[in-house]
Amino acid sequence: MDKIEELLKDPKTDLQKQALTDTSYKNIDHSLSDDDTNFELATYGDAVLKLALCKVYRDKKNAGIKFSDNLSQWKEKHESDEVLVRVIAKHYNVLNFLRYDEKGNGKPEEQKPQDYDHKGQNDNDRHKYIATAMEACIAAVYIENGENEVIEIVKQWIEWIDKVTNSSDT
C-alpha cells in the first residue's frame, strides 16, 4: 500500500483531510474556508508532480534509456488532467474518498461533476475536481514524507499510464 492509498483510506492529519476536500464542498459544509480545501494544495502538488517526473526522466536518461520524446513531450503525457483522472484517480477510486458537492449545486448541467470515464463536449471542468484532488494528495505526501516517497509513487503512476495508453518510456 503506497502513501496515497494510506491517505485515502484513513486521512489522519489536517493536511490529508484538506487534500480530499474540494472547494465545492463548501456548498455543503458552510463552516469551511478556502484554506480548508484542496485548491492551493493542488497548485503545490502540480509543481511536485512536475519535479518528480523530471527527476525520473533524468535518472532514466542518465541510465542510458533512450526516449522517443523530449522531456516536455514525455512529461506532458504523464501529468495531464486527463491521465490523472482516467488512469490514476480511477485506479485509487478517489471518488469514494473525496469530499465534494456531488450534485453540483449552483452549476449548469454541463458543468456538474461526472465520473472518471464520462466524455462530453468540453468536459474539462467536469473532471477538474478529481485531478485537483490527485495533485493535492501528491502534495500532502511530499510535505509529510519527502521527495523519495513521491518519486516511488510517480514511478508506479508512469507504469499505469503507459499500460493504459499503450505507450512506453522509450
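Throughout, read-outs are computed from the coordinates displayed, never taken from laboratory work. Everything numeric here is computed off the predicted structure, so don't read it as measured data.
Structure notes:
- For Lys66, a cut-off of 24 angstrom between C-alpha atoms picks up these lysines, skipping any fewer than 8 places away in its own chain: Lys50, Lys55, Lys75, Lys77, Lys155, Lys163.
- Reciprocal of mean inverse Cα separation for the chain (Kirkwood radius, Å): 16.5 Å
- Counting only DSSP H runs of at least 4 residues, each contributing -39500 (n - 2.57), and dividing by the residue count of the chain, the helix-based mean residue ellipticity at 222 nm comes to -16500 deg cm²/dmol.
- Value of relative contact order over the range 26-113, rounded to a whole percent, pairs C-alpha under 8 Å and six or more apart: 27 percent
- Within straight-line reach of Lys26, meaning a Cα separation under 28 Å, sit the following lysines at least 8 residues removed in sequence or on another chain: Lys3, Lys9, Lys12, Lys17, Lys90, Lys103, Lys107, Lys112, Lys119, Lys128.
- Equivalent-ellipsoid semi-axes for the range 1-82 (Cα gyration tensor, √(5λ), whole Å, largest first): 33, 15, 9.
- Length-normalised contact order for the chain - Cα pairs under 8 Å, 6+ apart - percent: 37 percent
- Within straight-line cross-link reach of Lys61, aspartates and glutamates at Cα separation under 13 Å, skipping those fewer than 8 residues along the same chain: Asp69, Asp169
- For the range 45-94, the percent of C-alpha pairs falling in each 5 Å distance bin, counted from 0 to the bin holding the largest distance, reads 5, 19, 25, 23, 16, 9, 3, 0.
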